[in-house]
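Working notes, beginning with the structure itself.
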Amino acid sequence: MSFEKSLSIADDIQDEINQEVRAASLNILRLLVKATPVDTGRAKGNWFVSTGASNRDVSDNRRASTAVSEGNSVIASAIRISYPTITVSNNLPYIERLNDGHSEQAPAKFVELAIQRVQNG
């Protein structure tokens, strides 16, 4: 008589990775929206989330709260993707200048600081 049992943790690992990616993406999105300097609010509202390729949209009147809620919906839908790639992007022509410290409302490299903060827990 023999006893054989297959032990597979692949599904558990896949689920854990998916959950961590979605949680990190949502935290990064929230930090970016919060840290983005405000003049008209346009830069805060132009954070877009996508799975896979970057979203290239630009909006003239999208609110920060819409950026977060729509981003949250995209991130939540990634639960169906085994190993999701989630992209957070802002396509305004001046977002790089803001990230370089052009505004006194946010530190230079606020994008990198948000990512680093989430990575460090």
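No value in this document is a laboratory result; all are computed from the given coordinates. Not measured: the values here are computed from a predicted model. Cβ coordinates were reconstructed from backbone atoms using ideal geometry, including for glycine residues, and neighbour counts include every protein chain displayed.
Things worth noting here:
- In the elastic network of the chain, a GNM with C-alpha springs shorter than 10 Å, the most mobile of 95, 28, 13 is 13.
- The chain: calculated mean residue ellipticity at 222 nm from DSSP helix runs of at least 4, using -39500 (n - 2.57): -15000 deg cm²/dmol
- Relative to the longest principal axis of the Cα atoms of the chain, the long axis of helix 110-119 lies at roughly 20 degrees.
- Degrees between helix 64-77 axis and first principal axis of the chain (Cα, 0 to 90, nearest 10): 20
- Of the chymotrypsin sites (Phe, Trp or Tyr not before Pro) in the stretch 22-121, the ones in a loop by DSSP (not H, G, I, E or B) with at most 16 other beta carbons within 10 Å are 94.
- Approximate spin-label separation residue 72-residue 89, in nm, with each point projected 7 Å along Cα-to-Cβ: 2.4
- Using only the C-alpha atoms, the convex hull of the stretch 25-88 corresponds to 68 Å³ per residue.
- Per-residue Karplus couplings for the stretch 28-37, computed as 6.51 cos²θ - 1.76 cosθ + 1.60 with θ equal to phi - 60°, are listed in order as 5, 4, 4, 5, 5, 4, 5, 7, 5, x Hz, Gly and Pro entered as x.
- Ranking 40, 27, 13 by how far each Cα lies toward the positive end of the dipole of the stretch 11-116 (charges on Cβ) leaves 40 at the top.
- In order through the stretch 81-95: 3J(HN,Hα) via Karplus (6.51 cos²θ - 1.76 cosθ + 1.60), integer Hz, x for Gly, Pro: 9, 4, 10, x, 10, 10, 10, 10, 9, 9, 9, 5, x, 9, 5
- Choice from 93, 37, 84 with maximal GNM fluctuation in the chain (Cα, 10 Å cutoff): 93
- ³J(HN,Hα) computed for each position of the stretch 14-25 - Karplus, 6.51 cos²θ - 1.76 cosθ + 1.60, integer Hz, glycine/proline x: 4, 5, 5, 4, 4, 4, 5, 4, 5, 5, 5, 5
- Burial ordering of 81, 75, 86, fewest other beta-carbon atoms within 10 Å first: 81, 86, 75
- Residues 92, 98 arranged by fewest to most Cβ contacts within 10 Å: 92, 98
- Dividing the convex hull volume of the alpha carbon atoms of the chain by its residue count gives 109 Å³ per residue.
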